[in-house]
Amino acid sequence: MSTVIRILAINPGSTSTKIAVFEGEIPVFVKNIKHSTEQLDTFEKITDQFSFRKNLILKQLEEANI
């Protein structure tokens with residue numbers, strides 16, 4: 001039995017969070033989650049956005065059955 005290795009890549013940008021799931025070198029899921037300035041303005045520092053972005057990522061992965 002072979003094991004499939006999945007890699008989650010996360011690229012947090014200033015107005016979006018790009019995510020991709022790879023199986024080996026093959027991308028099996030790619031998503032660009034855009035954030036409005038109104039959403040991001042509620043956070044004082046970028047590090048304060050961690051839970052906000054994490055929850056959005058988890059939601060997208062769940063919706064994609066990953």
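The values are calculated or read from the model by the stated rules, or taken from the named source; none is laboratory data. None of these values were measured; they are calculated from a predicted model. Every residue, glycine among them, receives a Cβ derived from its backbone with ideal geometry; neighbour counts consider all protein chains shown. SASA here: full protein model, heavy atoms, side chains in, ligands and nucleic acids out. Shrake-Rupley method; radii C 1.70, N 1.55, O 1.52, S 1.80 Å.
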Report task. Among what's in the stretch 44-64 and is touching a Leu at 6+ places or on another chain (Cβ under 9 Å) and at pLDDT 95 or above, pick the residue that is most open to solvent (accessible area, probe 1.4 Å). Result -> F52
Query raised in the report: Filter the stretch 28-41 for residues that are open to solvent by 90 Å² or more (accessible area, probe 1.4 Å) and modelled with pLDDT of 95 or more; which is nearest to I66 (Cα to Cα)?
Result: V30
Query - Which numbered condition E25 fails, given (1) within 9 Å of the chain's Cα centre (by Cα); (2) open to solvent by 70 Å² or more (accessible area, probe 1.4 Å) - result: (1)
**Report entry** First in the stretch 27-44 and hydrophobic (A, V, I, L, M, F, W, C), second anywhere and open to solvent by 80 Å² or more (accessible area, probe 1.4 Å) and in a loop (DSSP other than H, G, I, E, B), Cβ under 9 Å, 6 or more apart
**Finding:** L40/S14
Query - Among (1) β-branched (V, I, T); (2) surrounded by fewer than 10 Cβ atoms within 10 Å (Cβ to Cβ); (3) under 9 Å from the mean Cα position of the chain (by Cα), the one test that T17 misses - result: (2)
